[in-house]
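Down below is the structure, laid out as structure tokens.
The values are calculated or read from the model by the stated rules, or taken from the named source; none is laboratory data. Computed from a predicted model, the values in this text were never measured in an experiment. Note that each Cβ is placed from the backbone with ideal geometry, even for glycine, and that neighbours are counted across all protein chains shown. Just so you know, the surface numbers come from the protein's heavy atoms only, side chains and all, with ligands and any DNA or RNA stripped out. Shrake-Rupley method; radii C 1.70, N 1.55, O 1.52, S 1.80 Å.
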Number of protein chains: 2
Amino acid sequence: MNQSAKTFPPPPSAESDDALRTETTTGAIGYRLRRAQLSVFQKFLAFFDEFKLRPAEYSVLVLIDDNPGRKQTEIAEVLGIKRANFVTLVHGLEERGLVERIPSAQDKRANALHLTEAGRAFLATAQARHARLEEETVQRLGGPAARAQLLELLDRLI
Amino acid sequence: MNQSAKTFPPPPSAESDDALRTETTTGAIGYRLRRAQLSVFQKFLAFFDEFKLRPAEYSVLVLIDDNPGRKQTEIAEVLGIKRANFVTLVHGLEERGLVERIPSAQDKRANALHLTEAGRAFLATAQARHARLEEETVQRLGGPAARAQLLELLDRLI
DNA sequence: TATTGTTATACTCTATAACTATA
DNA sequence: TATAGTTATAGAGTATAACAATA
């Protein structure tokens with residue numbers, strides 16, 4: 001699995017004047033997690049540049065599509081988004097004609113969230129693109145087994 | 001920890017009115033990465049509550065300790081922090097008496113960063129605490145082999 | 001001309017309080 | 001009393017532009 005030698009810091013004797021010693025920092029799990037997450041999100045943003053779609057917006061569209069008619073609070077809570085902040089997010093999607101807020105008949109306080117026809121078409125394209133991104137990511141990981149391994153390990157950190 | 005099996009979505013036939021279908025969203029690598037990273041950072045913040053220390057500040061202290069005398073730009077760049085934003089960060093550490101900015105003799109534009117005596121003492125305590133956090137995290141992962149596996153997989157995502 | 005540290009500024013994300021209308 | 005959606009606001013984190021001093 002591991003090619004060979006993990007490049008170790010310059011031997012303690014060789015005090016180079018340019019390379020910094022980063023082992024202590026990069027040895028931390030949280031640090032590596034953060035760097036990886038930032039990198040993956042950067043790739044997402046670049047990959048979805050023409051879609052003008054952020055990761056959070058994409059997950060909201062997917063979640064509404066899989067759970068049409070749900071309240072804002074329900075969708076927001078699943079994603080760990082505060083309902084106050086979710087207002088702005090869903091408002092943006094509504095302005096783009098992708099999402100509808102339909103006043104609930106049973107509970108006049110609530111809005112039932114639905115994708116518009118345009119929203120469904122948009123999401124279908126986005127999901128096809130996302131599938132290619134995931135595919136590429138799985139390849140980088142080393143295949144489906146490596147992906148499953150990663151997801152399992154990540155779950156243990158929550 | 002986990003009661004029994006991985007709770008799968010309600011079988012397609014049983015359309016419960018409360019549980020949401022989240023498989024599509026949670027199947028994405030980026031989504032899981034983000035959730036895990038947020039969780040790990042939350043644990044860091046809780047664990048270092050009395051230290052009033054954020055992950056970025058901790059990594060800066062570690063990096064200065066391992067590379068005393070380096071310029072702000074060098075430390076900032078390694079951590080992916082813009083030098084403009086690094087000014088505020090290092091200023092805070094200086095105000096707390098942990099870091100010194102010593103004007104460089106060779107390059108009068110630059111500040112050489114050093115830990116103060118108090119900074120070294122503080123970092124020693126923080127690192128001991130961090131070691132316990134890492135230990136706990138490794139246990140959650142399933143041991144040192146699982147940790148190595150995770151770091152290897154994360155590296156492939158960068 | 002280029003770099004270092006700095007200031008100013010803006011934009012995103014996130015968090016809390018408080019309001020309204022309903023329940 | 002509690003909840004759903006909303007507004008306002010404040011705090012981080014991050015990004016760019018521009019400047020003075022120095023290289």
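In contact with a His (Cβ under 7 Å, 6 or more places away or on another chain) and modelled with pLDDT of 95 or more, is that true of residue A:144? No; evaluated as a whole, the condition is false for this residue.
Being open to solvent by 50 Å² or more (accessible area, probe 1.4 Å), hydroxyl-bearing (Ser, Thr, Tyr) and modelled with pLDDT of 95 or more is not true of residue B:22. Within 22 Å of residue A:33 (Cα to Cα), open to solvent by 50 Å² or more (accessible area, probe 1.4 Å), within 15 Å of DNA strand C (Cβ to nearest atom) and acidic (Asp, Glu): does that describe residue B:155? For residue B:155, the condition - within 22 Å of residue A:33 (Cα to Cα), open to solvent by 50 Å² or more (accessible area, probe 1.4 Å), within 15 Å of DNA strand C (Cβ to nearest atom) and acidic (Asp, Glu) - is not met. Here the condition is being within 13 Å of DNA strand D (Cβ to nearest atom) and at pLDDT 95 or above; of A:57, A:117, A:134, A:77, it holds for A:77 alone. For region B:41-56, filtered to residues that are among the charged types (D, E, K, R) and under 19 Å from residue A:36 (Cα atoms), the residue that is most open to solvent (accessible area, probe 1.4 Å) is B:54. Scanning region B:66-94 for residues that are surrounded by fewer than 18 Cβ atoms within 10 Å (Cβ to Cβ) and within 12 Å of residue B:119 (Cβ to Cβ) yields B:68, B:94. Residues in region B:132-158 that are within 10 Å of chain A (Cβ to nearest Cβ) and either in contact (Cβ under 8 Å) with a residue 40 or more places away in the chain or out of contact with any helix residue (DSSP H, G or I) (no Cβ under 7 Å at 6 or more places or on another chain) (or both): B:133, B:137, B:139, B:140, B:142, B:148, B:152, B:155, B:157.
With respect to (1) within 21 Å of residue B:28 (Cα to Cα); (2) open to solvent by 60 Å² or more (accessible area, probe 1.4 Å), the lone exception for residue A:138 is condition (2). Residues that are surrounded by fewer than 18 Cβ atoms within 10 Å (Cβ to Cβ) and closer than 24 Å to residue B:43 by Cβ within region B:95-104 comprise just one, B:96. Within the set A:65, A:49, the sole residue that is of a type in the set (Asp, Glu), more than 30 Å from residue B:137 (Cα to Cα) and over 15 Å from the mean Cα position of the chain (by Cα) turns out to be A:65.
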